[in-house]
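The values are calculated or read from the model by the stated rules, or taken from the named source; none is laboratory data. Keep in mind that this is a model prediction, so the values were computed, not measured. Cβ placement follows ideal geometry from the backbone for every residue including glycine, while neighbour counts extend to all protein chains displayed. Note: accessible area is taken over every heavy atom of the protein model, side chains too, but ligands, DNA and RNA are not part of it. Shrake-Rupley method; radii C 1.70, N 1.55, O 1.52, S 1.80 Å.
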Amino acid sequence: MLEQPFRARGLVLIPPDLTLPDWPERMAAAGLNVIGYHTARGPSEITEFLRTEVGQASRERFAECGLDIEYEMHAMQELLPRGLFERDPELFRMDESGTRVPEWNLCPSHASALEIVGENAVRVCEALTPTTHRYYLWSDDGKPWCQCPECRGLNDADQTLLTTNAILAALRQWDPQARVAGLVYHATLTPPTQVRPAEGVFLEFAPIERRWDRPLTDRTIEAHARALDALDAAIEIYSMDEHAQVLEYWMDASRHSGWQRPAVAVPWHPEVLAADLESYAAKGFRRVTSFGCHLDAEYLAMHGEPPVAAYGAALLGGDA
Ligand SMILES: [Zn+2]
């Protein structure tokens, strides 16, 4: 492998994980240099957390330890406030039966819906301003998109990109250096057919359906073959550059526990991690991060120290 192939080496954590003290020191000691604040609920969970003493101290300490700070989250519930439905249902998604419904995502063919999403994206990012000009405001997790007559011919990736492009345009009015993640994940593994990412939308690849006891390059596993084909298609569409990012799950106790608590110990396969990193580097990725959700005080008490040092060493090009 190349020496230190990855310029950005991260972990993505949720507020409760920061009950485990010393995350900034632990990450810095492991050679990691980006913390991603994540939430399963929406941006307001993070803004509320950062108003608490623990939250505020965490952000200050990550900065003191020299880490970049980013915020990665599903956000449409808050970018198009659901309370607007009663007044203006046309902003919202049409379901399979032809009914506008307030649940999940929006109608991305409706200009006002995109305008409201853009305005709220700026508002959210004023409170959650990354140190990297990189913004991650994803669509609702695994949820359906619009089936109105104008949207029906657009697949999930098309509808996601229409929204992502609108978020980018709005953010650039406020931060001219803004870049926004185009998340290739789950339903958006199927490439867009009609919409293309605007300049400033970067590829973020998150292969949630894969196995972690076999390298992603093992195409005998159907989910791996699908993810690899999707990645190649995505590289064609988004192009590969220094901004593209892998968002993995090697360290994600929540994913490995089926999102149940208590979390199981992270299954650790250093040879798989090494092979994955080599193939990601070969594709051109220079930024790699992993969820580390549920690596909290409870995890430490049950399982001892999570393999953060080994993960960091692998990202630096050493042995996992
Ligand atoms: Zn629509």
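Okay, here's what the table says:
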item	result
Average Cα contact separation per residue, the chain, under 8 Å, 6 or more apart, as relative contact order %	21 percent
Inter-probe distance in nm under a simple model that places probes 7 Å from Cα toward Cβ, at ALA29 and ARG82	4.2 nm
Label-point separation in nm, ALA57 to ALA233, each point 7 Å along Cα→Cβ	4.8 nm
Mean-position separation - Cα centroids, segment 261-298 and segment 69-88, in angstrom	29 Å
15 Å beta-carbon shell around ALA265, net charge (K/R +1, D/E -1)	-3
Nearest-0.05 FRET efficiency for ASP213 and GLU90, computed from C-beta distance (R0 51 Å)	0.60
Candidates HIS303, HIS243, HIS133: whichever shows maximal mean-square fluctuation once the chain is modelled as a Gaussian network with Cα springs under 10 Å	HIS303
Under 13 Å, Cβ to Cβ, from PHE62 - net charge with Lys/Arg +1 and Asp/Glu -1	-4
Loop-located chymotrypsin sites (Phe, Trp or Tyr not before Pro) in segment 241-320, at most 13 other Cβ atoms within 10 Å (DSSP)	TRP259
Computed label-point distance, nm, for sites THR99 and HIS303 using a 7 Å Cα→Cβ extension	4.2 nm
Contact order relative to length of segment 75-229, as percent, for alpha carbon pairs under 8 angstrom and 6 or more apart	20 percent
Under 15 Å, Cβ to Cβ, from ASP158 - net charge with Lys/Arg +1 and Asp/Glu -1	+1
Segment 205-237 residues near the modelled GLU271 label - backbone nitrogen below 15 Å, point 7 Å along Cα→Cβ	212-218
Cα gyration tensor shape of the chain, rounded if a/c is under 1.5, else prolate or oblate by comparing a/b with b/c	prolate
Sum of -39500 (n - 2.57) over DSSP H runs of 4+, divided by residues of the chain (222 nm, nearest 500)	-11000 deg cm²/dmol
Accessible area in square angstrom per residue, segment 6-158, 1.4 angstrom probe	42 Å²
Highest average packing first - 177-184, 270-277, Cβ atoms within 10 Å	177-184, 270-277
Cβ charges +1 (Lys, Arg) and -1 (Asp, Glu), total dipole of the chain, debye	180 debye
Cleavage-rule hits (trypsin sites (Lys or Arg not before Pro)) in segment 1-75: DSSP loop, at most 14 neighbouring Cβ within 10 angstrom	ARG7, ARG41
Mean separation of Cα contacts under 8 Å, 6 or more apart, over the residue count of segment 237-320: relative contact order %	40 percent
